1. Can you pull the percent of segment 157-247's accessible area that's carbon plus sulfur, 1.4 Å probe, other chains left in place?
2. Which lysines, if any, have their Cα less than 19 Å from the Cα of Lys201, not counting same-chain residues under 8 positions apart?
3. Which FRET efficiency value, to the nearest 0.05, do you get for Val44 and Leu136 by plugging their Cβ-Cβ distance into 1/(1 + (r/R0)^6) with R0 = 30 Å?
4. Taking the Cα centre of segment 17-144 as origin, sum charge times position over the Cβ atoms of Lys and Arg (+1) and Asp and Glu (-1), and report the length of that vector in debye to the nearest 20.
5. Between segment 177-247 and segment 82-99, what's the alpha-carbon centroid distance in Å?
6. For n ≥ 4 DSSP H runs only, could you compute -39500 (n - 2.57) per run for the chain, divide by its residues and tell me the 222 nm figure to the nearest 500?
7. Report, for segment 188-247, the % of DSSP beta bridges that are antiparallel, rounded to 5.
8. On a 0 to 90 degree scale, rounded to 10, what angle separates helix 126-136 from the longest Cα axis of the chain?
Amino acid sequence: MEKEFIEEAPDIEDIAILREIKEGNFLILANNLGKDYEIGDFIVRAVDEISLGIKESAFVIIKGPSGAGKTTLLNLIGGLDTPNRGSIHSSGVKISNLQEESLATFRLINTGFIFQNFNLISTLTAEENIMFPMKLAGMSLKEQRERALTLLKKVGLGDRREHLPFQLSAGEQQRVAIARALANDPPTIIADEPTANLDKKTSLFIRDLFSDMKQEGKTIIIATHDDYLIELADRVINFEDGKIVNE
């Protein structure tokens, strides 16, 4: 499942950052990160010169009011979006400089994403949704099916493999989405309000899934206000108006 991606040769500043990553045991390091959006005549600074280091196997919660920029920060950290300013290194790679094709390959191998609205492919079954990232990574069909079934059983949906998303409850769809995020066994899991639309029982079940990921040594970054998830955290970062206000 190894993939190649093209990265620019490091400059003096990058070498210093890579040294900081090694000395601090950081899996992810953001330096002076900024992201702006133009809305009409206005410029919204969604992320305002953030510097943040996340160690390997850390469980990090990002809290803040709606519109604070949490989703933008997650998208930058995970390589779903690119910054206007600053840099992001992840797993020793400067992802803020990667071209889209290389960035997509990096995400496929290194990061599993879990979204508030699940983002399942409506025409694929639960099993096929989980198999999809494995197919992109070049895994054989036999391996895809075996791993998909294992993950479906892990999230308590072994009997729902042939169901389409509309045939599943919101909680079941989120559990499929979590299984999909784990498909390629990435070192990092990024989740944006993963329990926001779910009932208490399902939220507790998903909390237990994240607890298992923590025990497995995954690096986990979640934007949430869910107290059940916050209980698992090593760090809680409070985020407002595009800035870290305290931890």
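The values are calculated or read from the model by the stated rules, or taken from the named source; none is laboratory data. Only a predicted model underlies this, so the values are computations on that prediction, with no experimental measurement involved. Heads up, the Cβs are rebuilt from the backbone with ideal geometry, glycines too, and the neighbour counts pull from every protein chain shown. These area figures cover heavy atoms from the full protein model, side chains too; ligands, DNA and RNA do not enter into them. Shrake-Rupley method; radii C 1.70, N 1.55, O 1.52, S 1.80 Å.
1. 44 percent
2. Candidates past the 8-residue exclusion: Lys153, Lys154.
3. Working from the Cβ atoms, E equals 0.35.
4. Here segment 17-144 has a charge dipole of around 320 debye.
5. First find each Cα centre; the distance between them is then 23 Å.
6. -11000 deg cm²/dmol
7. Looking only at bridges with both residues in segment 188-247, the antiparallel portion is about 40 percent.
8. 50 degrees
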